[in-house]
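Chemist: Input: one structure, supplied below.
The values are calculated or read from the model by the stated rules, or taken from the named source; none is laboratory data. Treat the numbers as computed from the prediction; the structure is a model and nothing was measured. FYI the Cβ positions are ideal-geometry reconstructions off the backbone, even for glycines, and counts take in every protein chain you see.
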Amino acid sequence: MFSTVKYPRFAGTAVPRDFVEYPSQVNEMWRDWPEVLQHYARHYQTGAALPPELLAKVLATAKFNQGYMTTELVAANVIDQAWHQLAPADVPGADGVLAFETATLQKAGLDFAPVPPRYRSTYFSHSFAGGYSAGYYSYFWSEVLDADSVEWIKSHGGLTRANGDHFRTTLLSRGGSEDAMVLFRNFTGGEPYIGPLLQRRGLEATAAK
């Protein structure tokens, strides 16, 4: 809807795999903003809006167990990347898959039995099919960009027409017509920073750069 590119092939989601999830993740932020929430989060019988104290409890649960969830995701990403960095001659046979995974996790400091990888090589189709080979990390990277962008929006006044126009003109409308990181910098004015994501997950006290 917003595309202003010259060549249609660069419109919309015609962007790198590790960038495509980012804009939609940013837009998900609005679901719990009071200005938006009041329009849909209402009691099915009385029509009363969701009480602020209940919303606070719901939002607080998003940080529950994030140490576990983050570790299992990182482990799955590390294994995925490790497979695709092997030379053909170094790829183990079926009987060596588990040993390869163990060695990979040990090298990365992630061989921790209480928190196994979210996905294993023998059944995780993203590693070898569906166009995501060596690209499972893209969800995580998009969330880094998303969290940093949300922090920018919050620090510049939140839900305003000016912020929406800035997001639309510098990023959403550009598709794949420019380098993805150029678009990100055009929007936020800086390089991606992991602080906001860690704060979102309850793993760091501050999101400030």
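Chemist: Can you report the number of residues in segment 150-183 which are without any contact (Cβ under 8 Å) to a residue 12 or more places away in the chain and in a loop (DSSP other than H, G, I, E, B)?
Modeler: Selection size over segment 150-183: 5.
Chemist: Being free of Cβ contacts under 8 Å to residues at least 24 places away in the same chain and under 25 Å from Val144 (Cβ atoms) is the filter; apply it to segment 108-123 and report the residue that is surrounded by the fewest Cβ atoms within 10 Å (Cβ to Cβ).
Modeler: Gly109
Chemist: Considering only residues of segment 79-94 that are surrounded by 10 or more Cβ atoms within 10 Å (Cβ to Cβ) and among the hydrophobic types (A, V, I, L, M, F, W, C), which is farthest from Gly109 (Cα to Cα)?
Modeler: Looking at the filtered set, the residue picked out is Val91.
Chemist: Could you tell me which residue of segment 184-200 is nearest to the chain's Cα centre (by Cα), considering only residues that are farther than 19 Å from Thr13 by Cα and not in a loop (DSSP other than H, G, I, E, B)?
Modeler: Leu197
Chemist: Right, another one. Where in segment 1-65 are the helices (runs of 4 or more DSSP H), entirely inside, with at least 2 residues that are loosely packed, with under 15 Cβ neighbours inside 10 Å and in contact (Cβ under 8 Å) with a residue 40 or more places away in the chain?
Modeler: Per the criteria, 34-37.
Chemist: Still on this structure, please answer the following. Kindly indicate which of Glu101, Glu21 is modelled with pLDDT of 95 or more and among the acidic types (Asp, Glu).
Modeler: Glu101
Chemist: Restrict the check to segment 132-141 and report whether at least one residue is surrounded by fewer than 17 Cβ atoms within 10 Å (Cβ to Cβ), among the aromatic types (Phe, Trp, Tyr), modelled with pLDDT under 90 and outside any helix (DSSP H, G or I).
Modeler: No; the residues of segment 132-141 include none that is surrounded by fewer than 17 Cβ atoms within 10 Å (Cβ to Cβ), among the aromatic types (Phe, Trp, Tyr), modelled with pLDDT under 90 and outside any helix (DSSP H, G or I).
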